[in-house]
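S.K.: Would you mind keeping the following structure in view while I ask a few things?
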Amino acid sequence: MEAWRLPQAEEIASRMTREDPRSPAVLDFKGRVAFHQGRYEEARRLLEQALALESANERRQAFGLLAQRTQDAVKKTRRHESAHFFLYLDEERDWILASYALEALEKSYQAIGQELGYFPETKVRVEIAPDVPSFNAISTLSVRDIEETGAVGICKFNKIMTISPRALLQGYRWLDSLSHEYLHYAIVALTGNRAPIWLHEGMARFYENRWRRPDPAQDRADYLTPSYKTLLAQALQRDKFVGFKKMEPSLIHLETPEEVQLAYAEAASAIEFFLNRKGQAGIRELLSEVRRRPTAEALEKVLGVSFDAFESQWKEFLRGKGLKEIEGSRVRKLKVRTNQKEDEEAVELQEIQSIVGRNRTHLGDRLWQSGRMGAAALEYERALQASPHSPIILNKLARALIHQERYQEALPHLKKARELDPDRVGTYVQLGRLYHASKNHAAARAVLEEAIQINPFNPLLYRLLHEVYAALGAQEQAHKARTILERLMRAG
């Protein structure tokens, strides 16, 4: 069961039931198998029967509560289905996610299958929670886990669980997160759930965007975001790393967001190093060996060096990359949406580190709200002088310039904002507006579709995409964008 070989576990449970149908341990095991198969009501009932016979088992009590809470959360969802996935989500609030999620998951199924040689025999269960309480109920992850460690998804209990990007103030890379968790699912299957956290998270982070890279030979180091480059450069300079052993049993137990993201960067770069040494075949062999023996022994068998030597050679590999700190890059915390009318601008202002830059940006916002676009642009320019590497100010200035049709002046600011923070959805929205207005339809399509990968609930995306698709002759996509827009507008 722990290796998620559920058909075999179910056979064992049936045999045990025939031998001792009233055993609390047998009822417990049958309940856990049912839970792992998504049969939550049956799981809850079996666990209650086990507790009625033997009530003092605290572990069983906790699992029974999890089964109850999961059943309550999931019974409000609707199932969507594709060739290889069952997707459950809140139809009223998150209907917009279904088609995009299943498309990305199917692309991940093919892309990761090509990389690792793994294709699940049964459909994979995916649950997208509509809000934090539901996410906590099914995953046990808390608001702290989301905001401090970026834990927006988890692969556990033979399924994938994520939170709706609508529940976060600025969204997040929700499609990459689904792919990330699918990689964990594949690694569990390939290793019998014996892979250490650094291997799990390194592979998941390294390959998570493989689904949107048509060419597998395309730059494999694109996992190195500006913040990752900066964190690794600092770790090398100070010789202060998060050790691979410290990552156990989960990255969410590390103390700070910076530590968590450094751990991800270290683990992903270790996978890049391993690939450079042994190639794709070496990764497959390593996973196969981890299934049979301890990781250190598996690594030594495949790579030919001890684990300590592996760590030393990996650090030399990092030094050879010439990584440098990128001014202005920083680990951005996620922010849970506490209500629908929450002021995003107030949250953004707090992210601006310079007090002068923050005050001038606030003044620019007030000028913008009063319709004085030219004056707002001037104030944002002054704010940028005080904080020249702020993606927030760069975005606001670009927005004001676009409104004045000063597209060529706005474009460099948006390009810089994207380089500093490639996961900020506002940058892609503004780029979409700019490219749409200047009739660069192909570029507009690319950035607007990427914005959907971060926060698909903005009606402006679909208004612009409808026109862009139509201009490109993509009538089917234009119709879909128009349909989504109309439904979003009806929902208010």
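S.K.: Please go through segment 234-256 and pick out each residue that is loosely packed, with under 11 Cβ neighbours inside 10 Å and assigned to a loop (DSSP other than H, G, I, E, B).
M.R.: Asp239, Lys240, Pro249, Glu255
S.K.: When the residues of segment 110-121 are narrowed to those that are assigned to a loop (DSSP other than H, G, I, E, B) and modelled with pLDDT of 95 or more, which ends up nearest to Tyr40 (Cα to Cα)? Talk me through it step by step, then tell me what you get.
M.R.: Looking only at segment 110-121, we keep the residues that are assigned to a loop (DSSP other than H, G, I, E, B), and these are 117-121.
From what's left, modelled with pLDDT of 95 or more: 117-120.
Numbers: Gly117: 31, Tyr118: 27, Phe119: 25, Pro120: 22 Å.
It comes out as Pro120.
S.K.: Which residue pairs have Cβ atoms closer than 7 Å, lie 6 or more positions apart in sequence or on different chains, and pair a first residue in segment 9-21 that is touching a residue at least 40 places away in the same chain (Cβ under 8 Å) with a second residue that is surrounded by 12 or more Cβ atoms within 10 Å (Cβ to Cβ) and assigned to a helix (DSSP H, G or I)?
M.R.: Pairs that qualify, where the first residue is touching a residue at least 40 places away in the same chain (Cβ under 8 Å) and the partner is surrounded by 12 or more Cβ atoms within 10 Å (Cβ to Cβ) and assigned to a helix (DSSP H, G or I): there are none.
S.K.: Tell me yes or no: at least one residue of segment 99-114 is of a type in the set (A, V, I, L, M, F, W, C), without any contact (Cβ under 8 Å) to a residue 24 or more places away in the chain and either under 24 Å from Glu181 (Cα atoms) or surrounded by fewer than 15 Cβ atoms within 10 Å (Cβ to Cβ) (or both). I'd like the intermediate steps shown before the answer.
M.R.: Keep residues of segment 99-114 that are of a type in the set (A, V, I, L, M, F, W, C), which gives 101-102, 104-105, 111-112.
The next check asks that each one be without any contact (Cβ under 8 Å) to a residue 24 or more places away in the chain; those that pass are 102.
Applying the additional criterion that residues be either under 24 Å from Glu181 (Cα atoms) or surrounded by fewer than 15 Cβ atoms within 10 Å (Cβ to Cβ) (or both) yields 102.
Within segment 99-114, one or more residues are of a type in the set (A, V, I, L, M, F, W, C), without any contact (Cβ under 8 Å) to a residue 24 or more places away in the chain and either under 24 Å from Glu181 (Cα atoms) or surrounded by fewer than 15 Cβ atoms within 10 Å (Cβ to Cβ) (or both).
S.K.: Any idea which of Glu409, Glu348, Glu405, Glu379 is under 22 Å from Glu148 (Cα atoms) and among the acidic types (Asp, Glu)? Show your work before the answer.
M.R.: Working: Glu409 fails: under 22 Å from Glu148 (Cα atoms); Glu405 fails: under 22 Å from Glu148 (Cα atoms); Glu379 fails: under 22 Å from Glu148 (Cα atoms).
Glu348 is the lone residue from the list that is under 22 Å from Glu148 (Cα atoms) and among the acidic types (Asp, Glu).
S.K.: Among the helices (runs of 4 or more DSSP H) contained in segment 269-351, which hold 3 or more residues that are of a type in the set (A, V, I, L, M, F, W, C) and modelled with pLDDT under 95? So that I can check it myself, show each step before the final result.
M.R.: Details: elements: 295-303, 307-320, 344-351.
So the answer is 344-351.
S.K.: Please enumerate the residues belonging to segment 6-31 that are within 19 Å of Val124 (Cβ to Cβ) and either surrounded by 18 or more Cβ atoms within 10 Å (Cβ to Cβ) or β-branched (Val, Ile, Thr) (or both).
M.R.: Taking segment 6-31 first, the residues within 19 Å of Val124 (Cβ to Cβ) are 6-10.
Correct list: Ala9 only.
S.K.: Quick one: which of Asn440, Asn458, Asn395 is within 29 Å of the chain's Cα centre (by Cα), polar (S, T, N, Q), under 29 Å from Ser99 (Cβ atoms) and surrounded by fewer than 21 Cβ atoms within 10 Å (Cβ to Cβ)?
M.R.: Working: Asn440 fails: within 29 Å of the chain's Cα centre (by Cα); Asn395 fails: surrounded by fewer than 21 Cβ atoms within 10 Å (Cβ to Cβ).
Checking each option against the conditions leaves just Asn458.
S.K.: What number goes with the only condition from (1) loosely packed, with under 15 Cβ neighbours inside 10 Å; (2) touching a helix residue (DSSP H, G or I) at 6+ places or on another chain (Cβ under 8 Å); (3) of a type outside the set (Ser, Thr, Tyr); (4) modelled with pLDDT of 95 or more that Met489 does not pass?
M.R.: Looking at each condition in turn, Met489 falls short on (4).
S.K.: Also: Report every pair of residues separated by at least 6 positions or lying on different chains whose Cβ atoms are under 6 Å apart, first residue within segment 49-70 and modelled with pLDDT of 95 or more, second among the acidic types (Asp, Glu) and assigned to a helix (DSSP H, G or I).
M.R.: Close Cβ pairs satisfying both conditions: Ala50/Asp28; Arg60/Asp28.
S.K.: Could you list, ordered by first residue, the pairs with Cβ atoms under 6 Å in which the first is in segment 73-96 and more than 16 Å from Met161 (Cβ to Cβ) and the second is crowded, with 18+ Cβ neighbours inside 10 Å, at least 6 apart or interchain?
M.R.: Ser82/Leu102; His84/Tyr109; Arg93/Pro130; Ile96/Pro456
S.K.: Can you tell me which residue among Glu272, Glu285 is among the charged types (D, E, K, R) and out of contact with any Phe, Trp or Tyr (no Cβ under 9 Å at 6 or more places or on another chain)? Explain how you work it out, then say what you get.
M.R.: Numbers: Glu272 fails: out of contact with any Phe, Trp or Tyr (no Cβ under 9 Å at 6 or more places or on another chain).
After ruling out the rest, the residue left standing is Glu285.
The values are calculated or read from the model by the stated rules, or taken from the named source; none is laboratory data. Keep in mind that what you see is a predicted model, and the values were worked out from it rather than measured. Glycine gets a Cβ as well: all are built from the backbone with ideal geometry, and neighbour counts include every protein chain shown.
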